[in-house]
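In what follows, a structure is listed as structure tokens, so that the remarks can point back to it.
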Amino acid sequence: MPFDHFLTRRILKSTYVCEVKILAGEAGTDYKPLIEPYRQMRGGIIEALHALMRAYHFIPPKALKDLAKAFRMTEAEVYGVASFYSYFTTKEQGAYVIRVCRSAPCHLENAQGVMELLEKELGIHAGQTTEDGKFTLEWTECVGQCAHAPVYTINREPVTEPKNVFSEQIPLLLEQLRQN
Amino acid sequence: MNILLDGRPEEALRIHAYMLRGGYQGLKRARQTPPQQVIEEIKSSGLRGRGGAGFPTGLKLSFIPQQEDTPRYIICNLDEGEPGTYKDRTLCEHVPHKLVEGLAICAYAIQATQAFIYCRAEYPYLVDVLKQAINQAKQENLLENLDIELRMGAGAYVCGEESALIESIEGHRGNPRFKPPYPAGQGLWQQPTVVLNVETLCNVPFILREGADAFSSVGTPDYPGTKLITLNGDVEHRGCFEVTTGTPIKEIIETVGGGVRQGRALKAIQVGGSSGGFLKASQIDTPLDFAALQKAGGSLGSGAILVLDETRDMVDLCFNIADFYRKESCGKCLPCREGCYRGWQIIRKIQQHQANQQDVENLFLLLDVMKETALCGLGQSFYLPIQSCITLFEEEFQAKLRTEVGGGERIS
Ligand SMILES: Cc1cc2nc3c(=O)[nH]c(=O)nc-3n(C[C@H](O)[C@H](O)[C@H](O)COP(=O)(O)O)c2cc1C
Ligand code: FES
């Protein structure tokens with residue numbers, strides 16, 4: 001028995017469907033309250049960036065300024081950190097960020113096909129966001145679920161079925177997410 | 001033999017069930033002896049790092065200066081970015097208390113009161129599991145003055161490299177540092193620091209509970225114990241399994257993995273994830289052992305085993321691996337930043353039937369330079385998968401080359 005069927009119960013319906021209510025980051029927004037809990041933490045800027053990503057799904061320009069002040073860094077340094085990591089972005093993202101794994105084990109199991117199907121269903125290319133602001137599609141590297149290859153994640157939750165039948169699963173799943 | 005994956009997964013967060021199985025007895029035993037002796041015990045067990053480099057764990061702990069007045073840190077590396085690897089996730093999901101106990105023992109050994117677990121961004125669902133396990137241990141008064149803090153990564157393969165990981169916890173870009181100084185002298189916030197892999201730490205409770213000899217009598221003398229492997233690719237049963245070191249890889253694929261999928265013939269395996277070397281089907285009698293795999297031209301690495309059947313296109317796979325390196329290179333040092341890109345370019349050229357023999361020679365030269373001069377293990381390890389893939393499957397690459405003279409320039 002492989003030790004690996006733990007996650008399969010956390011699929012589609014249960015978790016992420018109701019989880020997402022992203023806030024709109026506007027010009028006048030004060031990001032300090034979000035940043036505050038991490039200000040005293042050494043190296044806390046990464047955690048603060050995570051908090052912003054959770055709330056807004058991107059790092060708004062004004063938040064970069066607030067971060068710089070809170071952590072006594074230059075804005076350039078803050079941007080340097082924010083742009084280094086692939087799970088941080090300063091570009092607006094959709095409510096659902098879908099990432100398709102392209103590392104070797106998934107690549108061998110037709111990750112390209114998963115991406116093409118998602119592109120077709122959503123009408124966008126990898127790296128883009130749908131006009132209604134619902135979905136962002138991108139490539140990612142191994143998410144540590146290779147036994148279920150090909151793997152894609154929605155807001156970081158892996159979609160893994162014992163038999164990953166993505167061609168039937170994806171349209172149904174997107175339909176469900178659209179209704180949210 | 002199960003040293004790591006014992007107990008039932010549904011009991012992962014039942015601390016008393018874990019204690020009934022002998023859990024936290026290793027920690028108790030450790031605290032009854034002087035820290036120095038705990039390090040000696042780990043040393044004589046022969047335990048070597050499971051994160052890829054295989055460095056002797058006891059020796060690493062002994063590098064931390066003994067005087068108590070300077071702060072020192074212990075970090076658990078849960079970055080697990082190596083493609084094809086999910087053993088550390090499996091451990092956290094199934095035996096989180098083993099990790100907490102191992103961390104507490106090693107923290108005691110180096111007299112650290114602050115520990116960090118650096119968890120990759122891809123595993124947000126582990127946060128709750130680990131936090132619960134830590135809280136349970138606290139409530140049972142098992143951690144004494146040790147504080148374990150969870151820090152999240154944010155999607156960068158290079159942050160698995162220990163000095164880059166330290167930079168990331170400090171709140172910087174995850175660029176590796178020049179060494180020396182090594183983390184044992186100047187690590188996190190310039191203080192003595194030891195970074196250990198999840199699987200390494202999970203072996204420690206057994207060593208302290210059952211004794212170093214019980215551990216070193218399992219598996220091969222040079223790399224004792226068991227190893228978690230993650231079987232991927234064209235096998236009947238994929239997944240994470242615990243295997244005694246020294247088991248022939250052939251046996252692993254056939255018994256644990258149920259053989260090659262759809263009864264096809266085996267073409268090659270790649271052990272150690274995308275930074276590991278390829279082995280041909282004729283080499284799969286090689287035992288799962290650090291030295292033996294190195295001798296065969298491969299590596300044990302993280303323990304991921306990618307099985308490839310006869311239908312697989314090696315040029316395409318080689319390109320995929322180069323693409324991974326090109327994207328994950330952090331850009332701090334030139335050999336890696338430029339080398340991964342140029343290497344990728346040449347392999348793409350081969351794939352598109354545009355390259356000639358000179359291009360291949362240039363690629364090999366480039367790989368040599370990167371292996372010798374790259375700042376960290378990322379750039380240095382570009383060599384192994386690419387070189388072994390092209391050498392072992394030369395015909396496939398040759399078949400895509402252009403034969404007319406001219407074209408690619410010599411770069412030496
Ligand atoms: C590019 C790169 C990525 C690495 N990724 C990891 C990783 O994800 N997990 C890990 O434990 N070690 C990783 N390592 C190895 C670490 O640098 C370090 O050797 C290890 O954490 C030490 O732990 P150990 O002695 O217990 O193996 C990586 C090294 C390099 C060069
Ligand atoms: S390679 Fe896709 S999840 Fe690991």
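Got a number for residues in segment B:188-215 being farther than 23 Å from B:Asp88 by Cβ, open to solvent by less than 50 Å² (accessible area, probe 1.4 Å) and not in a loop (DSSP other than H, G, I, E, B)? Of the residues in segment B:188-215, 3 are farther than 23 Å from B:Asp88 by Cβ, open to solvent by less than 50 Å² (accessible area, probe 1.4 Å) and not in a loop (DSSP other than H, G, I, E, B). Within segment B:236-271, take every residue that is of a type in the set (Gly, Ala, Ser) and within 11 Å of chain A (Cβ to nearest Cβ) and give me the one that is surrounded by the fewest Cβ atoms within 10 Å (Cβ to Cβ). Filtering first and then ranking leaves B:Gly258. Residues in segment B:83-94 that are under 19 Å from B:Ile166 (Cβ atoms) and either at pLDDT below 95 or surrounded by fewer than 24 Cβ atoms within 10 Å (Cβ to Cβ) (or both): none. Being assigned by TED's automatic domain parsing to the domain that holds B:Ile207 and either in contact with a strand residue (DSSP E or B) (Cβ under 6 Å, 6 or more places away or on another chain) or open to solvent by 10 Å² or more (accessible area, probe 1.4 Å) (or both) holds for only one residue in B:Asn2, B:Asn77, and it is B:Asn77.
Could you list, in sequence order, the residues of segment B:95-118 that are within 11 Å of chain A (Cβ to nearest Cβ) and open to solvent by less than 10 Å² (accessible area, probe 1.4 Å)? Within segment B:95-118, B:Val95, B:Phe116, B:Tyr118 meet the criteria.
When A:Ser167 is tested against (1) open to solvent by 40 Å² or more (accessible area, probe 1.4 Å); (2) small (Gly, Ala, Ser); (3) touching a Lys or Arg at 6+ places or on another chain (Cβ under 6 Å), only condition (3) is not met.
The condition (being surrounded by 22 or more Cβ atoms within 10 Å (Cβ to Cβ) and more than 14 Å from every other protein chain (Cβ to nearest Cβ)) is satisfied by just one residue among B:Gly225, B:Gly233, B:Gly185: B:Gly225. Candidates are the residues of segment A:86-104 that are outside any loop (DSSP other than H, G, I, E, B) and under 10 Å from the mean Cα position of the chain (by Cα); the one that is farthest from ligand 2 (Cβ to nearest atom) is A:Tyr96. Looking at segment B:265-284, is at least one residue outside the structural domain of B:Lys43 (by TED's automatic domain parsing) and of a type in the set (D, E, K, R)? Looking for residues that are outside the structural domain of B:Lys43 (by TED's automatic domain parsing) and of a type in the set (D, E, K, R), one finds at least one in segment B:265-284, hence yes.
The single residue among B:Glu161, B:Glu149, B:Glu199, B:Glu210 that is within 12 Å of ligand 1 (Cβ to nearest atom), within 22 Å of B:Tyr24 (Cα to Cα) and outside the structural domain of B:Cys330 (by TED's automatic domain parsing) turns out to be B:Glu199.
If the Cβ limit is 7 Å and pairs must be 6+ apart or interchain, which residue in segment B:199-217 that is within 14 Å of another protein chain (Cβ to nearest Cβ) and modelled with pLDDT under 95 pairs with which residue that is open to solvent by 10 Å² or more (accessible area, probe 1.4 Å) and more than 16 Å from ligand 2 (Cβ to nearest atom)? Between residues of segment B:199-217 that are within 14 Å of another protein chain (Cβ to nearest Cβ) and modelled with pLDDT under 95 and residues that are open to solvent by 10 Å² or more (accessible area, probe 1.4 Å) and more than 16 Å from ligand 2 (Cβ to nearest atom), there is no close pair.
Tell me, yes or no, whether segment B:143-154 has at least one residue that is under 17 Å from the mean Cα position of the chain (by Cα) and either within 13 Å of B:Cys76 (Cα to Cα) or assigned to a loop (DSSP other than H, G, I, E, B) (or both). Scanning segment B:143-154 turns up at least one residue that is under 17 Å from the mean Cα position of the chain (by Cα) and either within 13 Å of B:Cys76 (Cα to Cα) or assigned to a loop (DSSP other than H, G, I, E, B) (or both). Scanning segment B:327-339 for residues that are away from chain A (no Cβ under 14 Å) and either in a loop (DSSP other than H, G, I, E, B) or not aliphatic (A, V, I, L, M) (or both) gives B:Cys333, B:Pro335, B:Cys336, B:Glu338, B:Gly339.
Residue-wise test of (1) more than 18 Å from A:Ser103 (Cα to Cα); (2) open to solvent by 20 Å² or more (accessible area, probe 1.4 Å); (3) more than 16 Å from ligand 1 (Cβ to nearest atom).
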| position | (1), (2), (3) |
| --- | --- |
| B:Leu334 | yes, yes, yes |
| B:Gly339 | yes, no, no |
| B:Leu366 | yes, yes, yes |
| B:Ala374 | yes, no, no |
| B:Gly379 | no, no, no |
| B:Cys389 | no, no, yes |
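Of the conditions (1) more than 13 Å from the chain's Cα centre (by Cα); (2) at pLDDT below 95; (3) at positive phi, A:His57 satisfies every one except a single condition; which number is it? Every condition holds for A:His57 apart from (1). On inspection, A:Val143 passes the criterion of being under 18 Å from B:Gly155 (Cβ atoms) and either open to solvent by less than 20 Å² (accessible area, probe 1.4 Å) or away from ligand 2 (no atom under 11 Å from the Cβ) (or both). When we screen A:Leu118, A:Leu173 for residues that are within 16 Å of ligand 2 (Cβ to nearest atom), away from every other protein chain (no Cβ under 14 Å), assigned to a helix (DSSP H, G or I) and surrounded by 13 or more Cβ atoms within 10 Å (Cβ to Cβ), the only hit is A:Leu118. Yes or no: A:His107 open to solvent by 10 Å² or more (accessible area, probe 1.4 Å), out of contact with any Ser or Thr (no Cβ under 7 Å at 6 or more places or on another chain) and in contact (Cβ under 8 Å) with a residue 12 or more places away in the chain? No.
Filtering segment B:95-132 to residues that are part of a helix (DSSP H, G or I), under 26 Å from B:Gly84 (Cβ atoms) and either touching a residue at least 12 places away in the same chain (Cβ under 8 Å) or outside the structural domain of B:Val38 (by TED's automatic domain parsing) (or both) leaves B:Pro96, B:Lys98, B:Leu99, B:Gly102, B:Leu103, B:Leu126, B:Val127, B:Val129, B:Leu130.
Based on what the data block shows, is B:Pro176 more than 10 Å from chain A (Cβ to nearest Cβ), part of a loop (DSSP other than H, G, I, E, B) and surrounded by 24 or more Cβ atoms within 10 Å (Cβ to Cβ)? Judged against the criteria, B:Pro176 is a match. Every test in (1) among the polar types (S, T, N, Q); (2) part of a loop (DSSP other than H, G, I, E, B); (3) surrounded by 23 or more Cβ atoms within 10 Å (Cβ to Cβ) is passed by B:Ser274 save one, and that test is (2). B:Glu80 passes every criterion in (1) more than 24 Å from B:Asp6 (Cα to Cα); (2) modelled with pLDDT of 95 or more; (3) within 10 Å of ligand 1 (Cβ to nearest atom) apart from (1). Looking only at residues of segment A:70-84 that are without any contact (Cβ under 8 Å) to a residue 24 or more places away in the chain and assigned to a loop (DSSP other than H, G, I, E, B), we find that the one that is farthest from the other protein chains (Cβ to nearest Cβ) is A:Thr74. Looking across segment B:44-71 at every residue that is touching a helix residue (DSSP H, G or I) at 6+ places or on another chain (Cβ under 6 Å) and in a loop (DSSP other than H, G, I, E, B), the one that is surrounded by the most Cβ atoms within 10 Å (Cβ to Cβ) is identified as B:Arg50. Pairing each residue of segment B:248-265 that is of a type in the set (Val, Ile, Thr) with any residue that is in a helix (DSSP H, G or I), provided the two are 6+ apart or on different chains, yields C-beta distances under 8 Å for B:Val260/B:Ile253.
The values are calculated or read from the model by the stated rules, or taken from the named source; none is laboratory data. Keep in mind the model is a prediction, meaning the values are calculated, not measured. Glycine also receives a Cβ, built like all others from the backbone with ideal geometry; neighbour counts cover every protein chain displayed. Ligands, DNA and RNA are excluded from the accessible area calculation, which covers all protein heavy atoms including side chains. Shrake-Rupley method; radii C 1.70, N 1.55, O 1.52, S 1.80 Å.
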